[in-house]
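The numbers here are math on the coordinates, done by the rules we state, and not lab data. The structure displayed is predicted, hence computed values, not measured ones.
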Amino acid sequence: MTNTVIHLQPEGSAADINANHDDHGDRQCMSRRNFLLAGGAMITLAAIGLPATADAAPIHALKAAYPKTRIGSLSALKLGVPVDFAYPYPDVRNILVKLGARAGSGIGPAQDIVAFNQQCPHMGGPLDGTYKEKHQVLGPCPLHLTTFDLTRHGMVISGHSTESLPQIVLEVQGDDIYAVGVQGLVYGYSAMTARRA
């Protein structure tokens, strides 16, 4: 019996093998790795924006302006005790509250005084009497348990609402607190006009 040895190594170096593997003639080919890198780069550019859009004007929240109305005074507010008031119409219930923590669009020396509408923007559930001082939230709504963070412009913490709680825009003049507008759409109004939808 004779033993035959067969060599299975191709001729040429490893560099020659890789060059032949990537050579597809006139066709333009992209490896899986290059495809994923290029796709990731495109997604990153789309997420952060192109350099030309970096100088774009900032986006501001829309607010409806109404006549300036006095709703309270700094000296009369007590920490964590909400004050009810109607604005911009007699049937729109709101609260004014001193949170004790800095809040989005807060006024006063500590920027902790805010005002919000007391109707859930999801289906108009009443939020009267649901303020929780310990967590600085309003809710839960009795209809679908939506709870709103008053330190962050009334944004949704949990629940079914997809909109933040409408925030009443405030100004201070001396000791007086004035309501001057509404950020957001109060439930039941199509465009914050005097007529309900």
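Amide H to amide H distances under 5 Å link HIS160 with THR146, where only residues 5 or more positions off or on other chains count and H is placed in the peptide plane. In this structure the amide hydrogen of GLY124, modeled in the peptide plane, comes within under 5 Å of no amide hydrogen from residues 5 or more places off or on another chain.
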